[in-house]
Structure formats: structure tokens, C-alpha cells
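I have placed the structure first, in the form of C-alpha cells, so that the comments after it can refer back to it.
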Amino acid sequence: NPGKLGVHAYPPWHTTYFWFYGWLHQQACSTLMLCLYAFGCIAFFLYLRKWQPQTLPEKIFYYAFIALAISEPVAGCFVSGNYGILLMCATILLYEGLKRKHTLLTALAWAFIMMKPQVGLLFFWPLVFSKRYKAITFAIAICLLATLWPAYVYHCSPVELILQIPKCGEPYLRFNANRGTYYGLASLFLGPKGIPLWMGGCFIACGIFSYLLRRAPSWSVRLLPVILFFPI
């Protein structure tokens, strides 16, 4: 549509990842994605079985606690079509790739998570402090290559599409800033600079904690700062 940014709410590589949306009727596309979300939830709970307690009361508490913890955001994904469930599954793949030292799996998972840069960029810290330079390079290359297709279709520079990313997210930040969010409070007290200051501060704090945990023997610990910071 005239005046509408080509990549809308997501980065240009997302447009390439989900190009098939345009081939399907809207109802068929929604049904397909809801089935994918349901499969992702089932896979997540099956994956959690490797850490579950042994006794029946502990198992009941374990799964009830997890169900309560994720019920609202998961329900939100089914209602609105947001990608949280897919990001959750991609994060598990990233974790498995790092644990098994599988560079390509790590890169593919991170490149997929980067369709939400406000989440994906946080993973840069544990990756760089653990010297996973190949995975970082491959993931960047995947995102850049995936940008070439929409650049060709829209007849514009790939750099122009990438620079649109902050413009695409800005209306959503302004909308959510009035709904009791952390960066909404930062905006209330600090004015227009509050949101970038809050986001930048969280990014730096995540880097500091990732540095402090860089020698942790388990990747579940090294990734902990990312898991803690991206909700805020």
C-alpha cells in the first residue's frame, strides 16, 4: 500500500522466512500456524521430561508450575498469532546446538530468533564471550542473504530495508508504552529518550551478566541472562 513500509513490523529476513504466507488463503495460513504452535507446545513439554522429578506429587507440581508460568503468553500466541512459541522452540534448538558444539544448528536457530531483534540481539553476548565466532558469522550471513530477496522484489537497497527496522517497531513501542510496561515507565519519567535508554541499559546489563557467567560449565547457565532480560 502507498506509504507503508515494505517489511512492516518485522525485519526483512522475516519476510523471506515466511514468504509462503502470500501463497495461502488467510484462513488456511492461520490454521497452519496454529497447528505449528500446538506441535511446538507438545514438543516443549516432551523436551521438559528430561528434567522432570521422579515422584508423582513432584511431577504434578512441576508441570502445573510450568503450565501456570507460560499459560498467558502461550494463549496470547494462539489468539494473536505472535511468534513466542516458535521463538521458544528455536531457543531450545540454539541451546542444543551450543551444548553439542553444532555450529550450523546454532547459526540457523539464532538467525531465526533474530526475526525478533529485541530478543535475538541478547544472544550475541553469551555467543561472543564463549568465542562462537563461526556461528555468529553464519547467522549474520543468513540474515543478510535473506534480505536480498525482499530487496529485489521491492526494488530497493538491502541497507534501506535493514534501516527500516527501528521505524517498523516504533509504533508498537509507543502503543505498548502506555500499558504498564517497564520501558513505558522509563518513557514516563525520562521522556522520549526513556525507551532507548531502557533498552540500551538492559542490553548492556545482559552483556555484563553474560560476561560474569562466561565460564559456567552449563549452557543453561550461560544463557540465563538472556532468558531473564528479554521479557523486560
Name the residue, out of 84, 40, 76, that is at pLDDT below 90 and under 19 Å from the mean Cα position of the chain (by Cα).
76
Just the residues that are without any contact (Cβ under 8 Å) to a residue 12 or more places away in the chain and open to solvent by 30 Å² or more (accessible area, probe 1.4 Å), please, taken from segment 113-136.
128, 131, 133
Yes or no: residue 92 among the hydrophobic types (A, V, I, L, M, F, W, C), closer than 28 Å to residue 126 by Cα and touching a Cys at 6+ places or on another chain (Cβ under 7 Å)?
no
Which one is modelled with the highest pLDDT among residues in segment 184-229 that are under 19 Å from the mean Cα position of the chain (by Cα) and of a type in the set (S, T, N, Q)?
210
When residue 15 is run through (1) touching a helix residue (DSSP H, G or I) at 6+ places or on another chain (Cβ under 7 Å); (2) more than 30 Å from residue 153 (Cβ to Cβ), the failure sits at (2)
In this structure, does residue 191 turn out to be open to solvent by 30 Å² or more (accessible area, probe 1.4 Å) and small (Gly, Ala, Ser)?
no
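The values are calculated or read from the model by the stated rules, or taken from the named source; none is laboratory data. Remember, it's a predicted structure, so these values are computed and weren't measured experimentally. Here Cβ is always computed from backbone atoms with ideal geometry, including for glycine, and neighbour counts include all displayed protein chains. Heavy atoms of the whole protein, side chains included, go into the accessibility calculation; ligands, DNA and RNA do not. Shrake-Rupley method; radii C 1.70, N 1.55, O 1.52, S 1.80 Å.
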